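Each remark here refers to the structure printed beneath this line.
The values are calculated or read from the model by the stated rules, or taken from the named source; none is laboratory data. No experiment lies behind these values; they were computed from the predicted model shown. Here the Cβ is made from the backbone with ideal geometry for all residues, glycine too, and neighbour counts use every protein chain on show. Surface accessibility is based on the protein's heavy atoms, side chains included, excluding ligands, DNA and RNA. Shrake-Rupley method; radii C 1.70, N 1.55, O 1.52, S 1.80 Å.
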Amino acid sequence: MPASSAPDTGTGVRTRSQTRAQIQSASEPQVAPEPTRIGNLEPVKPATRRQNPIVPWRPDPAKSRGSTTTTAGTASTKQKKSKKNAINPPKAGTAQAAPTGNTHKSFNPPNESSPSGVSGPVGRSILRASQEKFEDMKCSTPIKIVKTGNGSSKDDKELIMAQLKDIPEYNKDFLRKLYAKAIPLDEIDTFLETSPLYDSKKKRWVGVPRVARVEDDLYEPFVKIIQAIIDGPGKPKDGVTSTRTAIDTHDISFIHHDSDKLTRPDLAILATGPSFEEPLPKEGQKRVRGYMVGYSNVASVFDFKLNRGDSRRKQVEQLAIYNMEIYLSQPNRRFCRSLIITEDKVRLLHYDRSGAYITEMINLHKEAHIFVRLVLGLSSHKESRVGLDTSIQWTIDDNGRKVAGTIRVRDGRVQPMKEEEKFTLDMSEPPQICNTIRGPGTTRWIARDKNGARIYVGDAWRSFGRTSEYELLVEAGASKVEGVLCDIIAFEDNIAQTMEYRPKSFKAKDFFNRTFSRVALKQAGPPLSAFTSQLEAITVIRDGIIGHRNLLISGTLHRNITMDNILIIKDEKGQVAGKLCDLANAIPSYEKTKLSPEPRVVPRLYLSASVLRTSIQEKILAPVVHDYLDDLEAFNYVLSVLLLRYKGIGAVTPPEHEGNEVLDLWLGSSGHAASLAKLDYLATGPADWQVPPFWSETCIQLCCDVSTYLSGVAQEKIEIRKKKKSKWAAFRKAAFSRLYDDIDKHYSSIIGFFDAALAELASPGGQDPHDIPPSSPPAIAGQRLYNEAESSNVAGSDAENSDVAGSDSEGSYSERSSSPTLEGTPHKQTPSPGSTDLLQDDSGDLPSSPSIRALSARQAKLKKRNTSYGGLVMVGKRDLEDVDEEDEPPFKRQNTGGGLFI
């Protein structure tokens, strides 16, 4: 039946065919995306989830100038050499406006799908010419995947150690010189001579056993010694109101940031002051002022070990867990330090954005003054000495909680440098924090100026040799790039460097210096997660895609598309638009420096299927450049996260919700397995039963249409990369060049999908909730089966010489064990003899496989679930047998309102 004659369902909710018919151009037939083809390979046809997909509206070529699917004219030599051409995409209603009048004009989209009338080199559009500049790069810096653990302490430790990589050990001389200038020996010598806790003649601390039976024997004597040091030479000067107290915490559980997991450091330096706040009490616990201790109010933590005890690796990984939580709970941290203490020795561990290091042991009895100085340094009342950024300070109320704060920004663009400008932190929006120790450590602060205007302040640790975010923002501003936040208030570079925290002549094969910088920008809006309607959310994503295209035309690729990096901007009239922010991971086309051997540490939720297979562990596919297609795919995952995770405005789904299963596969599996899961997802898009009823049929269909359109492109990239050997380099370059020739079509088609969806959403009933099938399929979404014999044959041969699609370990992209039909009945695929689960044989990932084991265990639990909607087994919650000696059974925690993860 034609769409225009679709019958009334009688439910009062528009059907997809009804709303689509109102916006479909009568002069242009519905055309599905063309199947992709590589060389003499058979074309890969993207799977379709439903009939009558939303087809992007295209203008009449005779009436529209500068179509994105054709060459928009040619450029003169003068135009090609000019670097001052402003990037001014046309106003709304030109190239790609939906043909429905003013359906979404109230949201004032900044521009449409393509610059009108602009042109590049002969025979190419300006967009294609801009992309061509990136093709000279050999390949992108490899990524280091950051995945979520399975909830066990062992898995968390393995993940953190994988981040930190090689950990050097520095000699005793560095430990002896540390804090030497800041803390003179005079007061320390006086303390050692007069304290009853140290025997100067025997050169030994009193009460410390020579050989302890268990670690518990060390707690009491060392707590007394450390507290005496704090009260003696560590006593603050007059007028200082902050406090430091040594607390035995071996039986006190510290709750982790925004989770129910618990760990217990042996000793903590409880601190009060402008950077510390008391942790919220546990459920059923009464607050006792001055005795509430957690990761949010400790200056440092120590661990006790026996001389015959744990290995160095175990010492490092246990303290890495503690210091990771200090980073997350204290967002103004620049570095963290801890001590490991035995019966007669002490060593220091240091963690910062370039990784970690450890020192050799020294005898704490014979070199007591060094031990005292270390304690003083790690418990100092000077917050900068313990690793805190003092340009960010808070006001603490009587309950020990942060109620107000300020951030100071100095503008180093002009000399002499002006005085710091102070902005008021917006306490209603917690800082967004990077949940890794090593890496750029991007932290985003929302502040207000004197007039109450919203200010975006971004902190980042830039890897040596990379272009600074400030330079890219200046270039974007000079080119008048629309859709990107680039109105700079202040910028300060070289605030600190990680090499300053190490010995002067140190050597470490895995060290890469990072420079700390801060930028303040005007007119920052809240992130996409603060959407107030479906229409607003889709508009903002669409504008973000347009901003991404404009930025690419100016010569910069964003490379970090996430929900937090797409902002909701409202003008004085209340009209909404979307803007991209955070260019800390962006790369300009002119950056020709050598590839950094340090991989990028990035979260996997929004990474494309191709980028997930560019890690340093990848063995099957050839390395490839992170390109605009990867970012377009990331925009689709942003839309997917909205649909699968949010059940309404400001409300997220519970962990057991069906939609979170998809996200769990992306987050909790290895890079290879996550890539396969995303390829499966792209083949169909989200299912009705995975999406909360808040979302309309139009939004679901939009996600399905964009997914299936990108599915063919993603598969094509994988097929090209299978030709891995160097003899295929020319083939790969030519194949990617042909793929990039459709760049205008890629952008216009995807933006067109959004335009058509916006027209439907703006129509009466367009945002009505969708219907959910009565029951959800019991099969596991995304699970793949493949023939074990076939896989082993491919692994043992040169898979690159095969011209048959799907001949390597990827298997066939169209095979799914759990693709539900439209009626909600699952298609169950029975494993053939000798077949196995692909997720159990991931040749392209890390040798250790806790994620694979965790994923298999999770799948086994999910197979036992009830077939009724919502009858899932809770994922990510640990059983009591998972609790190790450092933990206690989990409990519920009160809402923290703490920092958000980026």
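Every condition in (1) within 16 Å of ARG401 (Cα to Cα); (2) open to solvent by 20 Å² or more (accessible area, probe 1.4 Å) is met by ASP260 except one, and the failing one is (1).
Being in contact with an Asp or Glu (Cβ under 9 Å, 6 or more places away or on another chain) and not in a helix (DSSP H, G or I) is the filter here; which residues of the stretch 602-613 pass it? Listed by number, the residues that qualify are TYR606, LEU607, SER608, ALA609, SER610. Looking at the stretch 720-731, can you tell me whether even one residue there is touching a residue at least 40 places away in the same chain (Cβ under 8 Å) and either open to solvent by less than 10 Å² (accessible area, probe 1.4 Å) or within 14 Å of GLN534 (Cα to Cα) (or both)? Within the stretch 720-731 (the criterion being touching a residue at least 40 places away in the same chain (Cβ under 8 Å) and either open to solvent by less than 10 Å² (accessible area, probe 1.4 Å) or within 14 Å of GLN534 (Cα to Cα) (or both)), the answer is yes, since at least one residue qualifies. Can you pull out the residues in the stretch 656-669 that are in contact (Cβ under 8 Å) with a residue 60 or more places away in the chain and either in a helix (DSSP H, G or I) or open to solvent by less than 10 Å² (accessible area, probe 1.4 Å) (or both)? Passing the criteria: GLU658, ASN660, GLU661, VAL662, ASP664, LEU665, TRP666, LEU667, GLY668, SER669.
Scoring ASP303 on the criteria (1) free of Cβ contacts under 8 Å to residues at least 40 places away in the same chain; (2) assigned to a loop (DSSP other than H, G, I, E, B); (3) closer than 25 Å to ASP260 by Cβ leaves a single failure, condition (2).
Checked against (1) at pLDDT below 90; (2) open to solvent by 10 Å² or more (accessible area, probe 1.4 Å), ARG645 passes all but condition (1). Using the structure shown, decide if LYS235 is without any contact (Cβ under 8 Å) to a residue 40 or more places away in the chain, assigned to a loop (DSSP other than H, G, I, E, B) and surrounded by fewer than 23 Cβ atoms within 10 Å (Cβ to Cβ). Judged against the criteria, LYS235 is a match. Which of the numbered conditions does ALA673 fail, given that it passes all the others? Conditions: (1) modelled with pLDDT of 90 or more; (2) farther than 30 Å from SER479 by Cβ; (3) open to solvent by less than 10 Å² (accessible area, probe 1.4 Å); (4) under 19 Å from the mean Cα position of the chain (by Cα). Answer for ALA673: the failing condition is (1).
I'm trying to understand the selection: among the residues of the stretch 313-331, which are touching a residue at least 12 places away in the same chain (Cβ under 8 Å) and exposed (fewer than 15 other Cβ atoms within 10 Å of the Cβ)? Before you say what the answer is, go through the steps one by one.
Keep residues of the stretch 313-331 that are touching a residue at least 12 places away in the same chain (Cβ under 8 Å), which gives 313, 315-331.
Scanning the stretch 313-331 gives a single hit, ARG313.
Based on what the data block shows, is LYS509 farther than 29 Å from ILE407 by Cβ and modelled with pLDDT under 95? The answer is yes for LYS509. Among the residues making up the stretch 480-508, those that are of a type in the set (Gly, Ala, Ser) and open to solvent by 20 Å² or more (accessible area, probe 1.4 Å) are SER505, ALA508. Of the residues that sit in the stretch 263-289 and are outside any loop (DSSP other than H, G, I, E, B) and open to solvent by 20 Å² or more (accessible area, probe 1.4 Å), which one is modelled with the highest pLDDT? Within the stretch 263-289, the match that is modelled with the highest pLDDT is THR272.
Can you say whether THR249 is surrounded by fewer than 18 Cβ atoms within 10 Å (Cβ to Cβ) and of a type in the set (Ser, Thr, Tyr), as far as the supplied structure shows? No.
A quick yes/no check of all residues on (1) part of a loop (DSSP other than H, G, I, E, B); (2) closer than 19 Å to PHE753 by Cα; (3) over 19 Å from the mean Cα position of the chain (by Cα):
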| position | (1), (2), (3) |
| --- | --- |
| PHE635 | no, yes, no |
| ASP680 | no, no, yes |
| PRO693 | yes, no, yes |
| ILE700 | no, yes, yes |
| LYS727 | no, no, yes |
| ALA730 | no, no, yes |
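Looking at (1) surrounded by fewer than 24 Cβ atoms within 10 Å (Cβ to Cβ); (2) out of contact with any strand residue (DSSP E or B) (no Cβ under 9 Å at 6 or more places or on another chain); (3) among the polar types (S, T, N, Q); (4) under 22 Å from ALA530 (Cα atoms), can you tell me which one THR653 breaks? For THR653, the exception is condition (2). With the structure loaded, tell me whether GLU536 is surrounded by fewer than 22 Cβ atoms within 10 Å (Cβ to Cβ), of a type outside the set (S, T, N, Q) and modelled with pLDDT of 95 or more or whether it fails that test. The answer is yes for GLU536. Here is the figure for the stretch 401-437: residues that are open to solvent by less than 10 Å² (accessible area, probe 1.4 Å) and within 30 Å of ALA356 (Cβ to Cβ) total 6.
Looking at the stretch 335-342, is at least one residue assigned to a helix (DSSP H, G or I), touching a residue at least 40 places away in the same chain (Cβ under 8 Å) and more than 22 Å from ASP216 (Cα to Cα)?
Filtering the stretch 335-342 for residues assigned to a helix (DSSP H, G or I) gives none.
No, that holds for no residue.
Any chance the stretch 354-366 includes a residue that's among the basic types (Lys, Arg), crowded, with 22+ Cβ neighbours inside 10 Å and at pLDDT 90 or above? Checked the stretch 354-366: no residue is among the basic types (Lys, Arg), crowded, with 22+ Cβ neighbours inside 10 Å and at pLDDT 90 or above. Scoring GLU383 on the criteria (1) closer than 30 Å to ARG308 by Cβ; (2) crowded, with 16+ Cβ neighbours inside 10 Å; (3) among the charged types (D, E, K, R) leaves a single failure, condition (1).
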